[in-house]
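The values are calculated or read from the model by the stated rules, or taken from the named source; none is laboratory data. Please read all numbers here as calculations on a predicted model, not as lab measurements. No Cβ is skipped: glycine too gets one built from the backbone with ideal geometry, and neighbour counts run over all protein chains shown. Quick note on the areas: whole protein, heavy atoms, side chains included, nothing else; ligands and nucleic acids left out. Shrake-Rupley method; radii C 1.70, N 1.55, O 1.52, S 1.80 Å.
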Amino acid sequence: MEQTTAQTWDLTSLYDGTSQSVELKAFIAELRHTLEQAAGQLESYRQMEKSDGDALLEVIDQFQTALLGWEQLDDFAICAYAENVADQASIALMDESAALKASLASLQIGLDQAFAEFPDAEWQAFTAAGCVQELSFYLNERRQMVKDRLPVELERVISALSVNGLSGWEQQHELVLTKLRVSLELDGKRQDVSIGQALNEAVNGKDRESRLQAVRAVDEVCETHAETVAAILNRVAGSRLAIYEQRGWDNKLKEMLEHNRIQEASIDAMLTAIDGNRDLYRAYIERKLKVAGLEQASWSDLETPVFSLSDKVDFAAVKTAISKQFHQFSDKLGNFADRAFDQDWIEAENRPGKAEGGFCASMPVAKESRIFLTYRDTYQDLVTLAHELGHAYHNYILHDEPALAQQKGVSVAETASTFMENLVLDAVIDQTQDESGRLAMLEMKIRDGLKYVVSVPNMFRFEKKFYEQRASGMISAEQIKTLIAEVENDIYGGLVEELALHKWMFIGHFYDAEKAFYNIPYTIGYLFSNGVYEQAKQQPGGFPERYDALLRDSGKMTVEQLGEYYLEADITQVAFWRDAQKSLTSAIEEYLELTEKH
């Protein structure tokens, strides 16, 4: 009998009973106890007359235990909800996780203050000790952050007020967005659908007429609610700017740079390198629209494929393809992928009741991961699965590190996922001899790439302009649309008539309470990973070991340090970021050559 590949994951191997697990409840109780114990030990430490490294290390160890426990609980709750959105117990789990996160954040603030109060000479000796050395990057980073912030009591006040301030506005945006309904005619019936469903119809609808109807229906609904959402965006930015002003921060990008462990000079170099290929990216857009026979275009036409693949790829074939490509890179990577499939870490079944989207969840206590997506037998799903397995492999490498050394910057979180995506997609392209099929695969690669080198940088430029103007007062919905039009027309001008002028309303990253300028990390991560990928192609000998070491140190180095140490590259210079676009620009050049006759 032929063995089938399971398309459902196993959460019960982590906690039997899933969201209602008795074992999980005991785990939560132990986690709560650990946090209380750590808070008590920190209070005792703070009352000592002088700094005691051993006592502080004991609190740090407790904090690390609590941090890993909370990360596993939070991701497990998300998994339980995603596999069944009607599961009320999983929603309760997420609420418990949020409460524990607040306790963890409070403990972090107290620890940060303890780090800052340590005398310099004693601090250097403390962080140089063997048992602390692996944590020194994180500890020094937190110590410096405290020095750049207000006294701990005021930072606690900011954190407390954010529940009804910055975080409250983020929740309000999500509430407004989830209640919006767009009226569309689907399958011959008029239906009210969510913004997400309508946007999907605008790109993937059965024909262009239905897609344009979805585009205009979304615009109509968004226009009706634009001032409400504009007020929320103003409050998010206003709250953040007020905090920055109290801290004495002149640079509005400071928090984003901290979160990404990157210098502004590196981002400037990256954007300069992207602009250097702007003519090529615009040439691709122009060719794509010509091949589609469009003289007047909407933003959705940029997303909709011109060439389509008639072939389907079943899940068993996906397992074979991914395993083969991963093993060709390294047996360690291939064996890891085999384990993920064989031990049922992947939830891919196409069934009702699941959440939309895809993600990878880390279970650092169990030293495992879980991957979620809905597999519909398409090559895009194949690429998505390779991407999420990349995240899981990154987790696998980091799970042997101390908790604080696992805390990677936002941007390098995409290093392994984009790498694996390239590994698999390029292999499929190379094996596709049929010209139409090859163009479809190239189009997929290019479409995904342009999202990171065109769309996201545009949103970053818009957000910078918005924050600059918001410092002088409230900005109306009409003014926001004008700002969007300015940055979008910089590349789409003359090619796209109907711009997505309301995209600021439904891109959730603009409203994120914890991460400022949360769009641009995806471009940093995409191109940094592509830079790594280019070196892997040029220097295959011994690279897998170097690659694993890079991933292992992603929680212990800045992006600049990773580039210098592992890639011998200075990422503050344009050259690195220019080379990082080669995989994308080569695909565009081939696409232009193959479509010349069209």
Next item on the list: Please list the equivalent ellipsoid semi-axes of the chain, computed as the square roots of five times the alpha-carbon gyration tensor eigenvalues, in descending order and whole angstrom.
Entry: 38, 29, 26
Checklist line | Potential extension, Phe359-Glu30 segment - 0.36 nm per residue separation minus Cα distance | finding: 115.7 nm
Check: Angle, helix 435-450 long axis vs. longest principal axis of the chain, Cα atoms, 0 to 90°, nearest 10?
Finding: 40 degrees
Note to self: Please give the charge dipole size of the chain, origin at the Cα centre, charges +1 on K and R Cβ atoms and -1 on D and E Cβ atoms. Round to the nearest 20 debye.
What the structure shows: 900 debye
Notebook entry, point to check: Counting only protein heavy atoms, what percent of the accessible surface of the chain is carbon or sulfur at a 1.4 Å probe?
Noted result: 47 percent
Check: On average, how much accessible surface per residue is there in the chain, in Å², for a 1.4 Å probe, leaving out ligands, DNA and RNA?
Finding: 44 Å²
Next item on the list: Report, in debye and to the nearest 20, how large the dipole of segment 226-292 comes out about its Cα centre when Lys and Arg carry +1 and Asp and Glu carry -1 on their Cβ.
Entry: 320 debye
Next item on the list: Provide the FRET efficiency to the nearest 0.05 for the Thr8-Glu153 pair, computing r from the beta carbons and using R0 = 60 Å.
Entry: 0.75
Next item on the list: With both partners inside the chain, how many of the DSSP beta bridges are antiparallel, as a percent to the nearest 5?
Entry: 75 percent
Margin query: Charges on Cβ only, +1 for Lys and Arg, -1 for Asp and Glu, centred on the Cα centroid of the chain; of Ala230, Gly334, Leu199, which one is farthest towards the dipole's positive end?
Written below: Ala230
Item checked: Local net charge near Thr374, Cβ-Cβ under 9 Å (Lys/Arg +1, Asp/Glu -1) -> -1
Item checked: Links that overshoot a 26 Å alpha carbon limit, given the list Lys464/Lys556; Lys25/Lys319; Lys319/Lys537; Lys25/Lys515; Lys312/Lys445 -> Lys464/Lys556; Lys25/Lys319; Lys25/Lys515
Notebook entry, point to check: How much of Arg240 can a 1.4 Å solvent probe reach, expressed as accessible area in Å² and rounded to 10?
Noted result: 10 Å²
Margin query: On a full-extension model of 0.36 nm per residue, what is the gain between Val85 and Asn164, subtracting their alpha-carbon distance, rounded to one decimal in nm?
Written below: 25.8 nm
Next item on the list: Measure nothing fancy, just the Cα-based angle from helix 22-46's long axis to the longest principal axis of the chain, in degrees from 0 to 90, nearest 10.
Entry: 50 degrees
Note to self: Using only the alpha-carbon atoms, how far is helix 208-247 inclined from the longest principal axis of the chain? Give it as 0 to 90 degrees, nearest 10.
What the structure shows: 20 degrees
Notebook entry, point to check: Assuming R0 = 45 Å, what is the FRET efficiency of Gln246 and Glu223, from their Cβ-Cβ distance, to the nearest 0.05?
Noted result: 0.80
Notebook entry, point to check: With point charges of +1 on the Cβ of Lys and Arg and -1 on the Cβ of Asp and Glu, referenced to the Cα centre of segment 249-306, which listed residue (Gly293, Met256, Tyr281) lies farthest in the positive direction of the dipole?
Noted result: Gly293
Notebook entry, point to check: Which aspartates and glutamates, on any chain, are close to Lys179 with Cα under 13 Å apart, when same-chain ones fewer than 8 places away are left out?
Noted result: Asp192
Check: Mind listing which GluC sites (Glu not before Pro) in segment 27-120 are in a DSSP loop and have 13 or fewer other Cβ atoms within 10 Å?
Finding: Glu49
Next item on the list: Would you mind calculating the gained length between Glu568 and Gln469 on full extension (0.36 nm times residue separation, minus the Cα-Cα distance), in nm to one decimal?
Entry: 31.7 nm
Check: Which net charge results for the neighbourhood of Lys354, defined as the other residues with beta-carbon distances under 9 angstrom from its beta-carbon, given Lys and Arg at +1 and Asp and Glu at -1?
Finding: -3
Margin query: Let's test the formula: R0 of 25 Å, r as the Cβ-Cβ distance of Gln433 and Ala292. What FRET efficiency results, to the nearest 0.05?
Written below: 0.55
Notebook entry, point to check: Hey, got the dipole for segment 133-179? About the Cα centre, +1 on K and R Cβ, -1 on D and E Cβ, debye to the nearest 20?
Noted result: 80 debye
Margin query: Quick check: net charge around Leu425, other residues with Cβ under 9 Å of its Cβ, Lys/Arg +1 and Asp/Glu -1?
Written below: -2
